[in-house]
1. Hey, any hits in the stretch 76-96 for a residue that's closer than 14 Å to Leu30 by Cβ, hydroxyl-bearing (Ser, Thr, Tyr) and over 29 Å from the mean Cα position of the chain (by Cα)?
2. Is it true that Asp202 is assigned by TED's automatic domain parsing to the domain that holds Ala246 and modelled with pLDDT of 95 or more?
3. Looking only at residues that are among the aliphatic types (A, V, I, L, M) and within 14 Å of Thr107 (Cβ to Cβ) in the stretch 231-259, which one is surrounded by the fewest Cβ atoms within 10 Å (Cβ to Cβ)?
4. Among Ala74, Ala46, which is the only one that is touching an Asp or Glu at 6+ places or on another chain (Cβ under 7 Å) and surrounded by 17 or more Cβ atoms within 10 Å (Cβ to Cβ)?
5. Would you be able to tell me the number of residues in the stretch 213-230 that are part of a loop (DSSP other than H, G, I, E, B) and surrounded by 14 or more Cβ atoms within 10 Å (Cβ to Cβ)?
6. For the stretch 102-118, what are the residues that are surrounded by 12 or more Cβ atoms within 10 Å (Cβ to Cβ), modelled with pLDDT under 85 and in a loop (DSSP other than H, G, I, E, B)?
7. Taking into account only those residues within the stretch 160-186 that are of a type outside the set (D, E, K, R), in a loop (DSSP other than H, G, I, E, B) and surrounded by 13 or more Cβ atoms within 10 Å (Cβ to Cβ), which is modelled with the highest pLDDT?
8. For the list (1) farther than 27 Å from Lys172 by Cα; (2) modelled with pLDDT of 95 or more; (3) not charged (D, E, K, R), I need the number of the one condition that Leu262 fails.
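The values are calculated or read from the model by the stated rules, or taken from the named source; none is laboratory data. Remember, predicted model here, so these are calculated numbers, not experimental data. Counting neighbours? That spans all protein chains shown, and the Cβs are built from the backbone with ideal geometry, glycine included.
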Amino acid sequence: MREEFIHYLTYEKRYSPHTIKNYISDLSQLRSFLQATFEIEEIESALHPHLRSWSVSLMEDDKTARTVRRKISATRTYFRWLRKYHNIKSDPTLKLILPTIPKRLPTVVEEDQMMQLSTRGLFPETFEGMRDRAIIEMFYHTGMRSAELLGLKDFDIDYHQKTIKVLGKRNKERIIPVSEELLDVIGSYASFREELSQVDSDGHFFVNARGRKLYPKLVYKVVNNYLGIVSLQRKKSPHVLRHTFATHMLNRGADLNAIKELLGHASLAATQIYTHNTVEKLKNIHRDAHPNG
């Protein structure tokens, strides 16, 4: 039955190998708990009180809310599969309560720090220097994801229309307008790239010194290195620049729906988290400036 369930997760649910590995581990832990606590040999024999007891025990073991939610999700998926393919009549997971995950505000780089990164001449006049500057500016000017940047092709950049076509999640395309400033930066990088002996045959825009497509670890290293020059914050990743783009746009009056489209979010709810950063900033200003703050 285990192999059938893995087949279901792989080909019907299309879950990633990482998720499948976690789900199988979670269900194995649940089975051990049921055997040790209630002498129940198989998960499908468990009732709601048994699963609720397991959920409580996880929280008492100081498991994070995110971890508990994933384990419950694995169990729910398992029982849905049992109902669909093995004629299990009831689902004891329906009334399980998911613990609330505390909201964490996105980490952003301050505007003046980003200005330092743009004006201090930190990037050497070499191929790598121009490429790294183009990577940083591309993230900050467009808010695109790391995978989207890595997937950019030469023909995605329209210098005449001043737009960049991005292939986002679920292969959904979006068009991002860009400034002359960004076009100048990426144009300078493209000029250096022309001097390479060979360039990626698939037409990827960002390549290494050997003309090959970049990989995620290198892009992360570039961002982490340069953000470390202007900021002491712990998180220094491409996604921080995505958060920074959205927050700075919102702070300067951009419409939330427009930011949603630029980021490629499926729903406005995903974009609304950036309003919390703005509210927190207003609270700090009020506290520092008001006589009774």
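1. no
2. Values: assigned by TED's automatic domain parsing to the domain that holds Ala246: yes; modelled with pLDDT of 95 or more: no.
When the stated conditions are applied, Asp202 does not pass them.
3. Filtering the stretch 231-259 down to residues among the aliphatic types (A, V, I, L, M) leaves 232, 240-241, 246, 249-250, 254, 256, 258-259.
Next, from what is left, pick out any that are within 14 Å of Thr107 (Cβ to Cβ): 232, 240-241, 246.
Numbers: Leu232: 8, Val240: 20, Leu241: 27, Ala246: 24.
So the residue we want is Leu232.
4. Values: Ala46 fails: touching an Asp or Glu at 6+ places or on another chain (Cβ under 7 Å).
After ruling out the rest, the residue left standing is Ala74.
5. Taking the stretch 213-230 first, the residues part of a loop (DSSP other than H, G, I, E, B) are 214-215.
Then drop every residue that is not surrounded by 14 or more Cβ atoms within 10 Å (Cβ to Cβ), which leaves 214.
The qualifying residues number 1.
6. Here is the first cut: in the stretch 102-118, the residues surrounded by 12 or more Cβ atoms within 10 Å (Cβ to Cβ) are 105-111, 113-114, 116-118.
If we keep only those that are modelled with pLDDT under 85 as well, we get 105, 118.
Answer for the stretch 102-118, where residues must be surrounded by 12 or more Cβ atoms within 10 Å (Cβ to Cβ), modelled with pLDDT under 85 and in a loop (DSSP other than H, G, I, E, B): just Leu105.
7. Just the residues of the stretch 160-186 that are of a type outside the set (D, E, K, R), to begin with: 160-161, 163-164, 166-168, 171, 175-179, 182-183, 185-186.
From the residues that got through so far, the ones that are in a loop (DSSP other than H, G, I, E, B) too are 160-161, 168, 178-179.
Now drop any that are not surrounded by 13 or more Cβ atoms within 10 Å (Cβ to Cβ), which leaves 168, 178.
Values: Gly168: 92, Val178: 96.
That would be Val178.
8. (1)
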